[in-house]
Amino acid sequence: MNDRAIRVLEFDKIREMLVHYAGSTLGRIRAGELMPAATLEEADLLQMQAEDATRRIDKKGSLSFGGIGDIGESLVRLEHGGCLTAPELLRIGSILTATQRVKQYGTTGTRGEDAPQDTLTERFDLLETMPDLCREINRCILSEEEIADDASAGLRSVRRKIKAANDKIHERMASILAQASQQGLLQDALITPRDGRYCLPYKSEYKNQVAGMIHDQSASGSTSFIEPMEVVKLNNELRELAIAEQEEIQKVLAALSEMIAPQVPLLRYNGTCLAELDLIFARAMFGRSIRGNRPVFTDNRTIRIIQGRHPLIPDKKVVPIDISLGEDPSMIVITGPNTGGKTVTLKTVGLFTMMAQAGLPVPAKSGTEMGIFREVYADIGDEQSIEQSLSTFSSHMTNTVHILEAADEESLVLFDELGAGTDPTEGAALATAILMHLHRYDIRTIATTHYAELKLFALRTPGVMNACCEFDVESLRPTYRLLMGIPGKSNAFAISKKLGLSDLIIDEAEAQIGESDKNFEDVITDLESKRQAMEAELLTAREDRRKAEQMRAEWERKTGEIEQKRDEILRKAREEARDTLEEAKAYADESIKRVRKLESHVSSADLENERRKTREKIGKLEDEMSLPKKQTVKPAKQHKASDFRIGDTVLVLSMNQKGTIHTLPNAQGECFVTMGILQSKVNISDLAKLEDETPKKDVHIGMKLDSGPKSMTIRPDINLVGLRVDEALAELDKYLDDAYLAHLPKVTVIHGRGTGALRTAVHDHCRRMKTVKSLTVSPDYGSTEVEFK
């Protein structure tokens with residue numbers, strides 16, 4: 001991309017913003033030098049990397065790249081056998097520490113598991129941590145000016161001697177200080193170093209009375225700093241130890257440099273990889289800050305921006321735009337009043353192109369499409385005054401000539417006020433010819449203008465589309481909305497009238513305009529009014545649709561609640577029925593036992609009384625298990641409109657919902673039916689009347705308990721062949737109770753041979769009954785004899 005376009009479209013300001021999101025020196029350098037990619041594959045990879053980095057930040061938080069400095073010169077010195085200084089070694093140690101942190105972040109998930117694979121995985125995996133070297137550097141070097149005592153045995157020994165020598169000197173100097181203070185020879189009672197040797201501040205008038213070496217004198221000359229002769233030898237020893245300390249430190253630095261030298265290639269790769277990762281995560285963080293999305297790249301130079309926001313305009317002021325540029329239209333001519341947003345639209349399209357190809361998310365809605373362009377050429381001037389001179393025109397035309405010479409099919413060309421700054425007739429003719437030339441070579445172009453001739457050119461030329469920036473004449477303010485397919489008006493007369501210009505002058509001005517120009521402006525006005533009306537209708541339709549969706553969602557929610565409640569009621573009913581059935585069976589068994597006991601000891605009246613109590617108890621349980629009256633659905637086709645009355649209960653077949661007739665059917669057979677909170681118009685063909693049936697009990701539990709003998713009415717056998725197991729067991733249970741009450745000693749149950757499943761079920765059921773004594777299977781296994789107790 002050319003430097004002029006980068007400056008004019010303000011991509012350099014985007015890079016300055018990006019620099020603040022980089023955490024390392026190398027990352028900030030790369031962010032400041034970021035350039036758009038030239039191919040679709042490279043641009044798409046950059047966008048995928050930023051998207052993957054955003055996904056990782058969302059899951060694990062941001063990644064710090066602090067402590068990553070530029071070690072390039074240090075690595076070159078190592079390659080030539082040089083010895084590094086302590087600050088250089090510290091920078092290398094800092095990079096090794098950062099490498100460990102970054103690799104840990106990139107290769108592990110939120111719970112310690114392996115991180116999911118993405119476009120950044122390989123970069124994280126190839127980082128070399130070198131933990132042993134990192135620990136050794138951090139152990140030996142504490143700061144840029146301090147080497148640890150334990151860095152080597154020799155350094156530890158020398159520093160121990162230095163401490164002992166210091167202690168000895170201070171002890172001797174303290175004694176001399178006390179004696180000189182008593183004699184009044186000192187200017188101040190303190191020990192001070194001069195040129196690395198310990199001295200005392202004597203008054204200058206007594207300097208000849210002190211045996212020692214003068215090292216310094218105060219500015220006023222009143223104080224002389226003298227090293228007493230008694231500690232000269234000790235200071236000499238301390239100086240020698242200091243030299244030995246530096247030699248030991250140099251040995252430590254040399255040893256560390258020797259350890260690092262073989263790892264130079266890996267360190268250089270780590271530095272490069274960390275800088276690249278820093279830039280990738282900076283792009284991701286920048287994208288989050290502008291609420292950007294990854295664009296979809298096309299290979300046919302198509303641009304389709306959805307609700308695009310210029311990233312340099314504050315959110316409270318920016319107006320999103322929608323714009324499409326591709327095969328049709330391949331050129332857009334934007335017209336409208338000054339300060340209406342035309343230039344912002346040009347810059348938005350150009351800047352989005354550069355950002356997308358540089359791997360930066362664009363502040364637009366998902367689904368935004370961007371083409372790949374080798375170059376973006378922009379002729380955008382900031383002077384938009386009527387005082388533009390010939391020099392301004394010449395400057396713009398010089399740039400236009402360069403664009404026409406360099407642009408090709410892989411270029412995006414942006415013109416602001418094309419042909420302005422000269423005679424309107426000649427300027428319009430030049431602008432039309434330039435656009436025709438670009439359109440002939442199928443070069444994607446967007447141009448802004450005030451010339452009506454360019455509006456006509458766009459209307460007449462296939463592949464060229466008019467657009468305008470909307471302007472509110474009532475408030476005299478632009479709305480900054482871009483309207484595709486509609487040429488704009490200058491609104492000069494309307495604005496002048498609003499500002500107070502007399503009608504006489506406006507009428508005279510309108511008289512100067514040709515009839516064809518007036519007709520053209522009338523067409524534009526008519527198009528604008530129709531557009532506004534259609535937008536209003538569209539908004540109304542969208543609001544109606546939104547309300548309908550809300551009503552539908554509410555209806556579905558309430559239907560779901562009703563279904564849930566119905567299932568809950570049925571579940572409870574089944575549980576209660578099961579409990580009642582168990583209670584009835586237990587009570588019946590107990591009653592049978594009591595009847596058997598009473599038959600031989602009490603009168604027939606007492607026996608009948610016990611049977612009556614049993615019948616009442618079972619009847620009560622039977623009532624508890626009875627379900628409400630069922631309703632019979634008659635086919636709706638059997639009914640006429642006259643068959644329905646207000647208040648009738650019906651079933652809406654298409655919705656499977658019960659409702660009530662709210663209005664009588666009309667001539668078309670339609671009526672309103674109320675279903676809970678919902679009232680709907682339904683045709684009678686979709687209705688079925690609901691009528692009450694004779695009450696019928698779903699579950700019947702009972703037994704005939706009378707005082708007469710049952711041996712005359714109960715058969716000695718029961719045939720269960722052909723019944724399912726559950727049906728057979730229900731019949732068998734009732735039969736065995738009746739047979740037992742009839743005092744039959746034994747009965748025969750015919751179950752057939754078959755697979756044996758029914759026989760097994762019969763045997764299991766009989767063994768659970770307390771009244772059965774034994775079972776005897778027939779030789780052919782087709783029946784079983786049941787003997788009672």
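A compact table of results
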{"read-out": "J(HN,Hα) series, region 73-83, from Karplus relation 6.51 cos²θ - 1.76 cosθ + 1.60, nearest Hz, glycine and proline x", "value": "5, 5, 5, 4, 4, 5, 5, 9, x, x, 10"}
{"read-out": "Peptide ranges 658-665, 413-420 listed from the most packed, as the mean C-beta count within 10 angstrom indicates", "value": "413-420, 658-665"}
{"read-out": "Accessible surface of Val721 - all protein chains present, 1.4 Å probe, nearest 10 Å²", "value": "90"}
{"read-out": "Förster-model FRET efficiency, 25 Å R0, Arg4 and Ile313, C-beta, rounded to 0.05", "value": "0.70"}
{"read-out": "Nonlocal amide H pairs with Ile141, under 5 Å, H built at 1.01 Å", "value": "Ala148"}
{"read-out": "Computed FRET value (nearest 0.05) for Arg645 with Val721, which takes r as the C-beta separation and R₀ as 60 Å", "value": "0.70"}
{"read-out": "Spacing of the two label points (7 Å from each Cα toward its C-beta) at Glu409 and Glu128, in nm", "value": "4.7"}
{"read-out": "Phi to ³J(HN,Hα) by Karplus 6.51 cos²θ - 1.76 cosθ + 1.60 over region 424-430, Hz, x for Gly, Pro", "value": "x, 5, 5, x, 5, 5, 4"}
{"read-out": "Potential extension, Asp567-Lys60 segment - 0.36 nm per residue separation minus Cα distance", "value": "178.1 nm"}
{"read-out": "Listed residue pairs exceeding 31 Å between alpha carbons, taken from Lys317/Lys558; Lys365/Lys558; Lys316/Lys547; Lys497/Lys547", "value": "Lys317/Lys558; Lys365/Lys558; Lys497/Lys547"}
{"read-out": "Förster-model FRET efficiency, 35 Å R0, Asn208 and Ala242, C-beta, rounded to 0.05", "value": "0.70"}
{"read-out": "Using distinct alpha-carbon pairs, which all enter the 1/r mean, Kirkwood radius of region 116-194 in Å", "value": "17.8"}
{"read-out": "Label-point separation in nm, Ala533 to Val264, each point 7 Å along Cα→Cβ", "value": "8.1"}
{"read-out": "Contour excess over end-to-end distance, with Cα ends at Asn166 and His20 and 0.36 nm allotted per residue", "value": "47.6 nm"}
{"read-out": "Inter-site label distance for Ser502 and Ala553 at 7 Å from Cα along Cβ, in nm", "value": "6.1"}
{"read-out": "Contour excess over end-to-end distance, with Cα ends at Asp733 and Glu670 and 0.36 nm allotted per residue", "value": "17.3 nm"}
{"read-out": "³J(HN,Hα), Karplus 6.51/-1.76/1.60, whole Hz, each residue of region 237-245, x for Gly, Pro", "value": "4, 5, 5, 5, 5, 5, 5, 5, 4"}
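The values are calculated or read from the model by the stated rules, or taken from the named source; none is laboratory data. Note that the structure is a prediction, hence the values are computed from the model and not measured. With ideal geometry, Cβ positions are generated from the backbone for all residues, glycine too; neighbour counts draw on all protein chains shown. Keep in mind that these areas ignore ligands, DNA and RNA; they rest on the heavy atoms of the full protein, side chains included. Shrake-Rupley method; radii C 1.70, N 1.55, O 1.52, S 1.80 Å.
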